[in-house]
1. Output the residues belonging to the stretch 13-30 that are more than 21 Å from the chain's Cα centre (by Cα) and exposed (fewer than 11 other Cβ atoms within 10 Å of the Cβ).
2. Go through (1) surrounded by fewer than 12 Cβ atoms within 10 Å (Cβ to Cβ); (2) in contact (Cβ under 8 Å) with a residue 40 or more places away in the chain; (3) closer than 17 Å to residue 78 by Cβ for residue 42 and report which single condition fails.
3. Can you find a residue that is assigned to a helix (DSSP H, G or I) and at pLDDT below 85 anywhere in the stretch 54-64?
4. Just name the residue that is farthest from residue 43 (Cα to Cα) out of those in the stretch 69-84 that are touching a helix residue (DSSP H, G or I) at 6+ places or on another chain (Cβ under 8 Å) and not in a helix (DSSP H, G or I).
5. Filtering the stretch 1-28 down to residues that are in a loop (DSSP other than H, G, I, E, B) and touching a helix residue (DSSP H, G or I) at 6+ places or on another chain (Cβ under 7 Å), which residue is modelled with the highest pLDDT?
6. Answer with yes or no whether residue 38 is touching a helix residue (DSSP H, G or I) at 6+ places or on another chain (Cβ under 8 Å) and outside any helix (DSSP H, G or I).
């Protein structure tokens with residue numbers, strides 16, 4: 001498996017942009033709501049990011065990531081940290097000595 005190049009991240013932006021509008025384009029289809037944004041909430045933005053990254057991880061796994069024993073644990077940790085990016089909702093801030 002080759003290294004991830006910045007150009008490989010372009011599909012993340014394209015997929016994320018498409019996921020932002022698919023719910024409206026499908027006439028508010030309930031299945032589309034699982035993968036795309038329904039409103040502008042924090043959760044919906046994270047949902048777009050997570051599904052985009054999951055798709056990229058599947059492509060990387062099929063493209064050779066399966067050869068590495070650490071691929072699935074690393075991909076799982078990446079998804080957990082992706083969902084932990086909002087400063088007011090960080091799980092990691094609960095265990096910080098400066099947490100309020």
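The values are calculated or read from the model by the stated rules, or taken from the named source; none is laboratory data. All of these numbers come straight from a predicted model, not from anything done at the bench. Cβ sites come from the backbone with ideal geometry, for glycine too, and all protein chains shown count toward neighbours.
1. Hits for the stretch 13-30 are 27, 28.
2. (3)
3. Residues of the stretch 54-64 assigned to a helix (DSSP H, G or I): 54-62.
From what's left, at pLDDT below 85: none.
No: the stretch 54-64 contains no residue that is assigned to a helix (DSSP H, G or I) and at pLDDT below 85.
4. Only one residue fits best here, namely 84.
5. By that ranking, first place goes to 26.
6. Here the answer is yes, as residue 38 does meet what is asked.
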